[in-house]
Amino acid sequence: MEQLVNRVKNIVDICWDSFSAKVGCGLVVINKEASMQLQFAYILKNSLDLAVYNDDESVELELETAIPVNGRLRECDIVIQMTKGETELYLPIEMKCYKEYASSGGKRGASDIFMKDVYQDLELLESYSKNTHYSNGIGLVMTDLGRIPFPKSKNGKKWDYDISEGTFLNGETVRTTPIGGYEVNITLTKSYAFNWIQINNYYFLKLKSND
């Protein structure tokens, strides 16, 4: 199973690189998070069979899969089901997209909520991994707002949810700063390094725990 998991994760990496390049160079147009999820899932679904080397292996992709977290169901953007013989393992993927202009054409604002949501996705991924047969997941993030990964300054409470280039979360992260008028209580127990890739006017981030 370990070899299959590694092959699948390598395919995810290759597909994310391809998706990033296509979006950054204008071959794929993303106007909001839903289209990001669908376009990436399309590339991934058509590539995952490359990870299957043996007749007792299979790999399937699901969208918006319900996963129990603390007594309630949460929908994960993408879940990859990996089967090796009688053994099953699931790889969850959460995705976040922030564009400066909404699909309606107006300026979006609320970048503070987006930054907080990246932290919230990491918390969800950690929670998923506590379920039987779920592995450590992957967070995928994109934006066209350069002030997020490369800010000129870090003023304001939103920077309690710093996702800029070079940020490192050391594995004991607690965030309670209210955002958007709502209380927040996020706890992360794993370590993450924020290393953005720029392709023309877009910025892409892949987050995996360093544990």
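All conditions but one from (1) under 19 Å from Tyr202 (Cβ atoms); (2) of a type outside the set (Gly, Ala, Ser); (3) in contact (Cβ under 8 Å) with a residue 40 or more places away in the chain apply to Ile179; the one that does not is (1). Scanning region 15-34 for residues that are open to solvent by 20 Å² or more (accessible area, probe 1.4 Å), under 13 Å from Lys96 (Cα atoms) and touching a residue at least 24 places away in the same chain (Cβ under 8 Å) returns Asn31, Lys32, Glu33. Of everything in region 196-211 that is farther than 18 Å from Cys97 by Cβ and in contact with a Ser or Thr (Cβ under 9 Å, 6 or more places away or on another chain), the residue that is modelled with the highest pLDDT is Ser209.
Hey, can you tell me all the residues within region 35-46 that are of a type outside the set (S, T, N, Q), out of contact with any strand residue (DSSP E or B) (no Cβ under 7 Å at 6 or more places or on another chain) and either under 19 Å from Glu100 (Cα atoms) or open to solvent by 80 Å² or more (accessible area, probe 1.4 Å) (or both)? Hits for region 35-46 are Leu38, Tyr42.
Mind telling me which of the residues Gly166, Gly156 ends up being at pLDDT below 95, surrounded by fewer than 18 Cβ atoms within 10 Å (Cβ to Cβ) and not hydroxyl-bearing (Ser, Thr, Tyr)?
Gly156
Assessment of region 69-87 against the conditions (part of a loop (DSSP other than H, G, I, E, B) and either surrounded by 16 or more Cβ atoms within 10 Å (Cβ to Cβ) or among the polar types (S, T, N, Q) (or both)) yields at least one matching residue.
Any residue at all in region 141-153 that's under 28 Å from Tyr90 (Cα atoms), surrounded by 11 or more Cβ atoms within 10 Å (Cβ to Cβ), within 20 Å of the chain's Cα centre (by Cα) and not hydrophobic (A, V, I, L, M, F, W, C)? Taking every residue of region 141-153 in turn, at least one turns out to be under 28 Å from Tyr90 (Cα atoms), surrounded by 11 or more Cβ atoms within 10 Å (Cβ to Cβ), within 20 Å of the chain's Cα centre (by Cα) and not hydrophobic (A, V, I, L, M, F, W, C).
Considering region 1-14, and only residues there that are over 15 Å from the mean Cα position of the chain (by Cα) and in contact (Cβ under 8 Å) with a residue 60 or more places away in the chain, the residue that is most open to solvent (accessible area, probe 1.4 Å) turns out to be Met1. State whether the residues of region 187-196 include one that is in a loop (DSSP other than H, G, I, E, B) and open to solvent by 50 Å² or more (accessible area, probe 1.4 Å). There is at least one residue in region 187-196 that is in a loop (DSSP other than H, G, I, E, B) and open to solvent by 50 Å² or more (accessible area, probe 1.4 Å). Which one is nearest to Tyr119 (Cα to Cα), of the residues in region 151-176 that are free of Cβ contacts under 8 Å to residues at least 24 places away in the same chain and assigned to a loop (DSSP other than H, G, I, E, B)? Among them, the one singled out is Thr176. Remark: Asp56 matches the filter, which requires a residue to be over 21 Å from the mean Cα position of the chain (by Cα), at pLDDT 95 or above, over 17 Å from Lys9 (Cα atoms) and surrounded by fewer than 13 Cβ atoms within 10 Å (Cβ to Cβ). Selection of first residues in region 97-108 that are farther than 20 Å from Asp121 by Cα and part of a loop (DSSP other than H, G, I, E, B) and of second residues that are open to solvent by less than 80 Å² (accessible area, probe 1.4 Å) and modelled with pLDDT of 80 or more, restricted to Cβ pairs under 6 Å at least 6 apart or on distinct chains, gives the following pairs, ordered by first then second residue: Glu100/Asp144; Glu100/Leu145; Ser103/Asn31. With respect to the conditions (1) surrounded by fewer than 18 Cβ atoms within 10 Å (Cβ to Cβ); (2) over 22 Å from Ala34 (Cβ atoms); (3) at pLDDT below 95, Gly180 falls short on a single one, namely (2).
The values are calculated or read from the model by the stated rules, or taken from the named source; none is laboratory data. This one's a predicted model, so the numbers in the text were calculated from it and none came from an experiment. Virtual Cβ from ideal backbone geometry, glycine too; neighbours counted across all protein chains shown. Note: accessible area is taken over every heavy atom of the protein model, side chains too, but ligands, DNA and RNA are not part of it. Shrake-Rupley method; radii C 1.70, N 1.55, O 1.52, S 1.80 Å.
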